[in-house]
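The structure under discussion appears below in the form of structure tokens.
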Amino acid sequence: MKLFTFLLLFSFSLNSCQTNKTSPNKTSFDFLVGEWIRTNEKSDRKTYENWKKVDKNTFLGCGFTIKNNDTISQKHLTISKIDDKWILKVNLDKTKNETTDFKLINSDKNSFILENQENDFPKIIKYWKVGNQLKAEISNDESSKIDFVFEKIKK
């Protein structure tokens, strides 16, 4: 189930990317903020990601997938600055205080890449914004990647 949830999780990642150091002062995750629905999901499911900015150093996210009116997967996400480094913490079971952590390796105004080479899958997570879409990719390498396309839910 953990692997399945991770597959849905990002709802992201980059194949063989270069590890460019990023200045912590230039990193912005503001483009994530909002409620998003996955547009390239299987027809019998709906996947959502919701992000909010808590403060300049903390973003909270929640992702979940619904099938036949039942939540079949859920994840809780936190992006925060720890010891001057940005970390994405993924919690797949809110009853347990266990996270899988991904370290920011590259970012610009509308994209970022994180990695955890110790994780089975994914090892790399990428988010980027193109127009009105939020895109994500999870991967280990070029042969094992999953793409996610989200559109903002209008209120």
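Values in this text are rule-based calculations from the coordinates and carry no lab data. Model, not experiment: these values are computed from the prediction. Every residue, glycine as well, gets a Cβ built from its backbone with ideal geometry; the counts of neighbours run over all protein chains shown.
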Quick one: order 92, 32 by neighbouring beta-carbon count within 10 Å, fewest to most. 92, 32
Ranked output for segments 67-80, 102-115 by mean other Cβ atoms within 10 Å, highest leading, reads 102-115, 67-80
Estimated distance in nm for a label pair at residue 71 and residue 119, the labels positioned 7 Å out from Cα along Cα-to-Cβ: 2.0
The simple spin-label model distance between residue 57 and residue 95, using points 7 Å out along Cα→Cβ, in nm, is 3.3
